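The values are calculated or read from the model by the stated rules, or taken from the named source; none is laboratory data. No experiment lies behind these values; they were computed from the predicted model shown. Positions of Cβ are backbone-derived with ideal geometry, glycine not excepted, and every protein chain shown enters the neighbour counts.
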Amino acid sequence: MKLYFIIFLMAILTSCSQKQEALPSSYQEKNTNSYYDKAWDYLEQGNDEKGFEMLNKAKDVFLAKKDSFSVAKCLVNMAIIQERASDNLGSIETSIQALGFMKEKEEKHFSFLFSTYNNIGVAYNNLKNYNRAEKYYKIAFSFVKDDLDKIMLENNLANCFFNQKKYLQSVKLFQQILNRQHQRDDVYYKISNNLAKSSWYYNPSYNPLPKYWEALAYYTQTKDDWGLDASYSFLANYYSENKKKDSALYYSHQLLEISKKLSSPIDQLEALETLISVEKHEASQQYFKNYKKISDSLQITRSRAKNQFAAIRFESEKHRLENIHLEKELDYKNNRIFLQKIILISIISLVTVAVLSTIILWRRRKQALLLQSENKIKEERLTISKKVHDIVANGLYQVMQSVEHQEDLDKEQLLDDLDIMYQKSRDLSYSNKAIREKIAFQEEFSRLISSFQSTSCPIFVIGNEENNWKNISSNSLNNLYQIIRELLINSKKHSQADKIIIRISLDNTSLHIVYTDNGIGFPKNHQYGNGMKNLISRTQEINSKIDFDNLPQQGIKVNINIPKK
C-alpha cells in the first residue's frame, strides 16, 4: 500500500501538474519548429512514444539554431515522458542534461527549472532513493510560481517523509496544506486521506476511518472514479493491516473492479496483492495467477518503452554524426574546386598551392584516421550490445517462458540454465571493461546496489561519493565492483540476511570498505566455492587486503582495504 500511496498522489497531483507547468502554451514555438508542434499533437492523443520522438527531433533543430532555452524545454518534457514510462534512470539523465541549457537567475526559466527538479525528485522517489528525492524536492521550492505547484510539491515532499518513516514531519506538512484549503474539493479530500494515513502510522491508536469514509462519500457523489479508486485503496489497506478480513476483501474487490475500469494495472496489482494475503490458500491461487500475468505484462510494456526511448536517441545521434560527415565531404569538394581555380588563374602560385594542398591532405588524412578509430570503437560497442542482447536477454526470455508454461518445472534444470547465463554474463563484463571505465564509478556502483535492492533485504550504502573513488585506479575499481557483486550474490543466495550495510571511507593511504550482513554467516569448516575463491584472488591482484569476521547465525563482516593510486 505504501507504493500505491506514492503512485496515487503522483498520478493525480504530480503528473497532471507537471504537464501543465512544464508545457505552458505561451512557450510553444508556433510556426518555428514543426517537430515541436507535432509532438504536442501526439501527446494530446496519448501517444507518448511518438511525442518523445518528435521532441527529440525538435531538440536537434533548436540545437542547430543555438536556441538553448527551447532545447531545455524539449529535454524537460522528454524526461517527464520517461518517468511516466518508469524509465527513471533515463529520466534523471535527461533532466540533468536539461539543466545545462537553463539559467537559474532567469525568471522565465523558473517554471521549467521547477518541473525539472521536481521530476528528478519523483524519479528518485520511484527508485526508493528517498534522501535524494527529498533533496531535489527542496531545490524545486526555489522556483515555485503558483499555489497549485506549491501544493503538489509539498504533497510530494510529505510523501517522501512518509516513505522515510518520518511520520511526524509528514503529518505536519499535510496538515499545513489542508489548513490552506478553503473549499472541500478534490484536492482537499486527497490531502485529507493522506493526512489520515500519516496520522495513523504516526499514532496507531488514531482512527482514520471517518476521514476515509468522508472522502469516499464525496467521490461517490461526484462520480469520480479515480477518487473512488484511491478511497478503496486506503480502506483495503487499513482493514488488511488490522486483520479485518471481510472488510479487507470487500474493499479489495471494489478496488480491483474500478482499477479494471480505469485500465490501471498498478492498482490491479495492489488489489490482487491484498486479496492474495487475506484469502484462503485455495482461493488465492487464481489471484496469484492474475497477479503474475498483469505484472509480467506491465514489465514487458515498461521495458519496451525504455528500449524505444534509447533507440530514438541513438538514431538521432547517428543521423547527427552522418550529417557532420556529409558537411565535411562537401567542404572537401569545395576546397578542391577552389584549388583548381587557383592553379588556372596563376601558374606562379603553383608551388604555394602544392604546399597548401599537401598540408590540407595531411590534415584530411589525420581526420579520416581519427574518424576510423571512432567508428571502430562504435562497432565494438555495438558488438558488445548485440552479445548482451543475444546471450542475456534471449536467455532470460527462454527461462521466463519455461516458468510460465511448464507446470512441472525442474528446479535443478532451471538453476543450471540460470548459472550458464550468469557465467556468460560475467564473461561479457570483461569485454566491456574498457567502456565501463568511462562511466562514473559512483553511478555504476549505485546501479549495482539498485539491482540487488529489495524490500525483503534492503541495502544501505554509506559513502558512495565521487571523492572516495577518484584516487583509486581503474583496475582496482573494476575488481572492487566484482568483489562487491560476489558478496551481494553470496548474501542473497546463502546468508538468509534481511539487511546489508556497506560503509565506504577514505584516509591518506587507502580506501576502506566494510561489508556486513545479518545472515547466518559461514558454517564451521566451510569450504569456499569458486565465487569466493575468485573474490580473494581479485583482492590479491590489486594488492589489497580482505578480512572475514564470521559469527555463526549472526552474519558476516568483511573488511576490504585498497591502496590509493
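Considering the stretch 124-172, and only residues there that are polar (S, T, N, Q) and not in a helix (DSSP H, G or I), the residue that is nearest to the chain's Cα centre (by Cα) turns out to be Asn129.
Within the stretch 239-248, does at least one residue satisfy the condition of being farther than 27 Å from Lys166 by Cα, more than 30 Å from the chain's Cα centre (by Cα) and loosely packed, with under 15 Cβ neighbours inside 10 Å? So far as the stretch 239-248 goes, yes, one or more of its residues are farther than 27 Å from Lys166 by Cα, more than 30 Å from the chain's Cα centre (by Cα) and loosely packed, with under 15 Cβ neighbours inside 10 Å. Of all the listed residues (Asn508, Asn471), the sole one being within 28 Å of Glu93 (Cβ to Cβ) and assigned to a loop (DSSP other than H, G, I, E, B) is Asn471. Are any of the residues in the stretch 139-154 acidic (Asp, Glu), over 25 Å from Tyr232 (Cβ atoms) and surrounded by fewer than 18 Cβ atoms within 10 Å (Cβ to Cβ)? Yes, there is a match, as at least one residue in the stretch 139-154 is acidic (Asp, Glu), over 25 Å from Tyr232 (Cβ atoms) and surrounded by fewer than 18 Cβ atoms within 10 Å (Cβ to Cβ).
Only one entry of Lys108, Lys73 meets the criterion of being surrounded by 24 or more Cβ atoms within 10 Å (Cβ to Cβ), in contact (Cβ under 8 Å) with a residue 24 or more places away in the chain and over 28 Å from Phe161 (Cβ atoms), and that entry is Lys73. Filter the stretch 449-470 down to the residues that are touching a residue at least 12 places away in the same chain (Cβ under 8 Å) and loosely packed, with under 11 Cβ neighbours inside 10 Å, then identify the one that is farthest from the chain's Cα centre (by Cα). Top of the filtered list is Asn467. Beta carbons closer than 9 Å, at least 6 apart along the sequence or on distinct chains, pair a first residue in the stretch 488-503 that is in a helix (DSSP H, G or I) with a second that is crowded, with 16+ Cβ neighbours inside 10 Å and among the charged types (D, E, K, R) for Asn490/Asp517; Ser491/Asp517; Ser495/Asp517.
Being surrounded by fewer than 20 Cβ atoms within 10 Å (Cβ to Cβ) and at pLDDT 70 or above narrows it down to one residue among Ser26, Ser68; which is it? Result of the check over Ser26, Ser68: Ser68. Remark: Ser474 matches the filter, which requires a residue to be at pLDDT below 90 and either farther than 15 Å from Phe548 by Cα or not assigned by TED's automatic domain parsing to the domain that holds Tyr130 (or both). The set of residues from the stretch 266-285 being at pLDDT 80 or above and surrounded by fewer than 15 Cβ atoms within 10 Å (Cβ to Cβ) comprises just one member, Ser277. So for the stretch 525-537 (the condition being over 32 Å from the mean Cα position of the chain (by Cα), in the same structural domain as Asn468 (by TED's automatic domain parsing) and under 25 Å from Gln442 (Cα atoms)), does at least one residue qualify? Yes, some residue in the stretch 525-537 is over 32 Å from the mean Cα position of the chain (by Cα), in the same structural domain as Asn468 (by TED's automatic domain parsing) and under 25 Å from Gln442 (Cα atoms). Of the residues making up the stretch 38-97, just one is of a type in the set (Lys, Arg) and under 15 Å from the mean Cα position of the chain (by Cα), namely Arg84. A count restricted to the stretch 515-531 and to residues that are out of contact with any strand residue (DSSP E or B) (no Cβ under 9 Å at 6 or more places or on another chain) and either on the phi > 0 side of the Ramachandran plot or surrounded by 14 or more Cβ atoms within 10 Å (Cβ to Cβ) (or both) stands at 2. Pairs linking a residue in the stretch 163-174 that is under 23 Å from Leu127 (Cα atoms) to a residue that is buried (at least 17 other Cβ atoms within 10 Å of the Cβ) and charged (D, E, K, R), with Cβ atoms under 6 Å and 6 or more positions apart or on different chains, are Leu173/Glu154.
Each residue in the stretch 173-218 was checked for being part of a helix (DSSP H, G or I), over 15 Å from Ser231 (Cα atoms) and among the aromatic types (Phe, Trp, Tyr), and 4 of them qualify.
Taken over the stretch 170-186, the criterion of being under 17 Å from Ser198 (Cα atoms) and either surrounded by fewer than 18 Cβ atoms within 10 Å (Cβ to Cβ) or of a type in the set (Phe, Trp, Tyr) (or both) is satisfied by Lys172, Phe174, Gln175, Gln176, Leu178, Asn179.
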